[in-house]
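Engineer: Below is one structure. I have some questions about it.
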Amino acid sequence: MSDLSSRVHYDRRRARGKTRTQAILRLARHHVNVIHAVIRTGTFYEPRTLDLAA
């Protein structure tokens, strides 16, 4: 996962009022979910493009 996508994900959680720790744990969980999906499906990870205007 790119650093930019992780930063955006983290910043969104913080903007929703989550603490730093809560945001980091949610980001870690997100990464685990992506890794699990890649292993489960046997596909390669392809990051989505970010729409920073959203």
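Engineer: Could you give me the residue pairs with C-beta distances under 8 Å whose first residue belongs to the stretch 1-21 and is within 20 Å of residue 37 (Cβ to Cβ), whose second residue is not in a helix (DSSP H, G or I) wherever it lies, and which are 6+ apart or on separate chains?
Structural biologist: Correct list of pairs: 1/45; 1/47; 2/47; 5/47; 5/48; 5/50; 8/50; 8/52.
Engineer: Can you name the residue in the stretch 1-50 that is under 10 Å from the mean Cα position of the chain (by Cα) and among the hydroxyl-bearing types (Ser, Thr, Tyr) and is also modelled with the highest pLDDT among such residues?
Structural biologist: So the residue we want is 10.
Engineer: Among the candidates 40, 48, which residue alone is touching a residue at least 40 places away in the same chain (Cβ under 8 Å), of a type in the set (Lys, Arg) and surrounded by fewer than 10 Cβ atoms within 10 Å (Cβ to Cβ)?
Structural biologist: Values: 40 fails: touching a residue at least 40 places away in the same chain (Cβ under 8 Å).
Result of the check over 40, 48: 48.
The values are calculated or read from the model by the stated rules, or taken from the named source; none is laboratory data. Since we're looking at a predicted model, the values are computed, not measured. Note that we place each Cβ from the backbone using ideal geometry, even for glycine, and neighbour counts take in every protein chain shown.
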